[in-house]
Amino acid sequence: MASIPASVCKVAILAALAMLLVLLAASTELEGGGLSFPSVHIDVDGGEEILSKEGYLRCRVSLDNQEPGFEGLDAGVKGRGNSSWNEVKKPYTLKLDKAASFLGMPADKTWVLTANHSDQTLSRTYYAFSAAEAVGCPFTPSCAFVNLYVNGDYRGVYLLSEKIEMGPGRVEIDDSVGNVDFGFIVEMDGWAIYEGDEDVDYFKIGRKSYSVKDPKCIPEQLALVKEAMVGAPSAIESGDWAAVEERIDVDSFARTYIVEELFSESDVNFSSFYFFRDAGGRISSGPIWDFDHSAGDIGTSDRMFSSRMFVDKKSIWYSGLLGHEEFQEKVAEVLSERSGDIREALAGCSEHVLSHSGDFHRNFARWRYIGTNVFSAPLEFMMFGSWERHLEFLDGWLSAKLDLMLEAYRLR
């Protein structure tokens with residue numbers, strides 16, 4: 001019988017020891033409180049479990065540590081997400097009957113509760129939103145960490161955020177569809193081909209599928225959106241910079257590129273990559289969304305290394321734009337102006353989440369998977385025995401990647 005290599009045995013032993021430490025910590029975390037994030041309580045009518053992404057269940061929503069009056073609001077709740085819906089810790093969408101403000105964010109009806117289960121810091125999307133604000137990316141969603149309870153059952157730490165949609169305080173563009181130049185929000189959506197019909201529910205440009213997220217479009221309006229969108233990559237491929245500037249808002253693409261590249265966001269050429277156009281305007285990039293699979297969290301290809309560029313080659317949009325010297329110059333200009341702000345924002349994120357470590361420990365006492373391989377995470381993650389070690393890795397990874405980008409654009 002073939003012998004097992006010593007290196008494999010060592011990894012297995014270290015992983016087992018890491019898991020033992022997690023279990024020992026979990027046995028005490030569930031007993032104590034130590035929670036400091038606000039708590040969202042969703043009580044579904046009849047105590048029904050949320051088992052589907054189709055159709056809202058009636059519920060009541062309340063929020064601890066909130067101004068008086070935010071108690072027992074009528075709402076609907078349903079599941080959400082694509083691959084994340086298959087995880088044991090589920091993401092949800094809330095739709096309040098009446099607009100309300102969560103934790104100082106602008107009042108609205110629709111809110112997203114992201115589980116971030118495959119991210120063992122639970123924080124990558126939070127970091128990305130903060131970096132995007134520092135870079136000046138358009139319409140970055142506001143967000144806040146909360147502890148979620150469903151029908152009285154503790155579900156862990158979630159990121160409560162605004163949904164990407166048109167409206168005051170969200171994506172503030174003209175939502176009129178009364179003419180051919182109406183405003184819209186589009187997502188590069190690799191899942192669309194499994195969920196609808198081409199040129200009815202989504203359209204294609206080349207091999208990529210795109211969904212109109214707002215407003216709801218009949219096929220004739222979908223065709224108008226496709227016509228507006230297809231001109232942008234055609235202009236980029238033409239090599240004519242004047243044509244590019246006529247079709248797209250270059251500044252918005254430069255700013256979102258910096259964030260996408262900084263995090264080596266894995267889905268940038270597949271899904272959760274958004275565009276918007278104001279009525280009669282040019283195509284803009286943003287808002288950014290969904291960064292749980294980023295910053296070294298996927299153990300395959302260049303995306304796992306902070307020492308390599310990734311998005312510049314991976315994204316059909318950015319790779320084309322970076323073929324223009326003018327776009328490279330714009331990226332360098334923004335990066336030069338905002339790199340200090342980015343570092344400050346990332347440091348603030350680390351300080352904020354560490355100050356709430358009890359909440360994160362409680363989450364991993366409920367969901368005991370620190371030290372395991374989640375969604376193709378790097379094998380070294382199996383030797384990280386704590387949430388703090390994962391956070392240390394994330395902080396170091398982002399610092400090293402920002403250094404690499406500054407060097408690539410000759411800014412250090």
Q. Using a simple spin-label model with points 7 Å from Cα along the Cα→Cβ vector, what separation in nm is obtained for E48 and Q221?
A. 2.9 nm
Q. Which of S272, S142, S101 moves most in a GNM of the chain, Cα contacts under 10 Å?
A. S101
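Provide, as a two-decimal number, the C-alpha radius of gyration of the range 290-411 over 2.2 N^0.38 Å, N being how many residues it has.
Its radius of gyration relative to the 2.2 N^0.38 Å reference: 1.22.
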**Q.** Relative contact order [Cα under 8 Å, 6+ residues apart], the chain, whole percent
**A.** 19 percent
Q) Between the range 118-132 and the range 247-280, what's the alpha-carbon centroid distance in Å? A) 17 Å
Q: Quick one: grab the alpha carbon gyration tensor of the range 302-374, order the square roots of its eigenvalues as a ≥ b ≥ c, and give me rounded if a/c is under 1.5, else prolate or oblate depending on whether a/b is larger than b/c.
A: oblate
Q) Once all Cα-Cα distances of the chain are split into 10 Å bins that start at 0, what whole-number percent is in each one? A) 4, 21, 30, 26, 14, 4, 0, 0
Q. Between the DSSP loop rule and a limit of at most 16 other Cβ atoms within 10 Å, which GluC sites (Glu not before Pro) in the range 182-226 are left?
A. E195
(Q) Give me the dipole magnitude in Debye, nearest 20, for the range 39-162 about the Cα centre, with unit charges on the beta carbon: positive for Lys and Arg, negative for Asp and Glu. (A) 320 debye
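Using 1/(1 + (r/R0)^6) with R0 = 22 angstrom and r between the beta carbons of R207 and S83, what's the FRET efficiency to the nearest 0.05?
0.65
Can you list the equivalent-ellipsoid semi-axes of the range 39-162, largest first and in whole Å, using the square root of 5 times each Cα gyration tensor eigenvalue?
For the range 39-162, the semi-axes come out at 22, 18, 13 Å.
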Q: Using a/c under 1.5 as the rounded threshold, could you call the range 146-288 rounded, prolate or oblate? The axes a ≥ b ≥ c are square roots of the C-alpha gyration tensor eigenvalues, and prolate needs a/b larger than b/c, oblate otherwise.
A: prolate
Q: For the range 214-230, take each phi angle, set θ = phi - 60°, evaluate the Karplus expression 6.51 cos²θ - 1.76 cosθ + 1.60, and give the result in whole Hz per residue in order, putting x for glycine and proline.
A: 6, x, 5, 10, 7, x, 5, 6, 4, 5, 5, 5, 4, 4, 5, 6, 5
Q: Among the aspartates and glutamates, select those whose C-alpha is under 19 Å from the C-alpha of K95, and discard any that sit fewer than 8 residues away in the same chain.
A: D43, D45, E48, E49, E54, D64, E71, D74, D108, E162, E165, D214
Q: Determine the gain in length on full extension of the stretch Y194-Y56; use 0.36 nm per residue of separation and subtract their C-alpha separation, reporting nm with one decimal.
A: 47.5 nm
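Throughout, read-outs are computed from the coordinates displayed, never taken from laboratory work. Because the structure is a prediction, the values reported are computed rather than measured. No Cβ is skipped: glycine too gets one built from the backbone with ideal geometry, and neighbour counts run over all protein chains shown.
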